[in-house]
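This report refers to the structure that appears directly beneath it.
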Amino acid sequence: MPALLDEPDGARIIPVVEGLALAHLTGTDVHGEPELTAALRGHLLAVLGSGRCRFPDGGWKLSETSDNSWLSKTYLCQYVARELLAVPDDAEMAAADRAHADWLRHPTESRWSWSDQMISGVAAGSRYYPRGVTAVTWLLEAGTR
């Protein structure tokens, strides 16, 4: 699925799936539209499996054309992937989890404790930003680590 519908060769993005989180968390049966969820699952598996939306450390790259990522969006998308789209919680997912945690433990940038905006895995802005609350979705996952 292209990020821009009028440009079929445009960038692929992960956050096309994030809307399912809000729907699910407010009580909507997101599986009531099986064709939509199948299409979103296929898209997510394609962009992650192809490496289009991964950083070299395995972290998720929200857009294949940008090194700018937002952890709050990443958390929501990971929740959707595991809980709603049955994306395997495998070694690649574990590598992504480690990468995202490591971004927050960067040798010099970790002084910010939590930052939303990451550029190639390094804190760049939105330090202590309230959207970090989306990390609670990790605690809602069935197989909470």
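The values are calculated or read from the model by the stated rules, or taken from the named source; none is laboratory data. For clarity, every value in this text was computed on a predicted model and none was experimentally measured. Heads up, the Cβs are rebuilt from the backbone with ideal geometry, glycines too, and the neighbour counts pull from every protein chain shown. SASA here: full protein model, heavy atoms, side chains in, ligands and nucleic acids out. Shrake-Rupley method; radii C 1.70, N 1.55, O 1.52, S 1.80 Å.
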Problem - For S126, distant residues with modelled amide H under 5 Å away - result: Q117
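How long are the three semi-axes of the equivalent ellipsoid for the chain, computed from the Cα gyration tensor as the root of 5 times each eigenvalue, in whole Å, largest first? Provide the component values of the computation, followed by the final result.
On the way: eigenvalues 114, 67, 40 Å².
Rounded to whole Å, the semi-axes are 24, 18, 14.
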Handout entry: Filtered trypsin sites (Lys or Arg not before Pro), the stretch 10-93: DSSP coil and at most 16 other beta carbons within 10 Å
Key = R52
Practice task
Please calculate the 1.4 Å probe accessible area of D89, with all protein chains present, and give it to the nearest 10 Å².
Solution key: 90 Å²
Problem - Rounded to 10°, Cα long-axis angle of helix 91-104 versus longest principal axis of the chain - result: 40 degrees
Problem - Heavy atoms of E83 accessible to a 1.4 Å probe, total area in Å² rounded to 10 - result: 60 Å²
Fill in the blank from the handout: FRET efficiency (A94, H31; Cβ distance; R0 30 Å; to 0.05) is 0.70
Practice task
Please list L45, L85 in order of solvent-accessible area, largest first, computed with a 1.4 Å probe with all protein chains present.
Solution key: L45, L85
Exercise for the section: Pick out, from V80, S66, L48, the residue whose Cα sits farthest towards the positive end of the charge dipole of the stretch 42-122, with +1 on the Cβ of Lys and Arg and -1 on the Cβ of Asp and Glu. Expected result: S66
Problem - Nearest-ten-degree value, helix 34-49 long axis tilted from longest Cα axis of the chain - result: 40 degrees
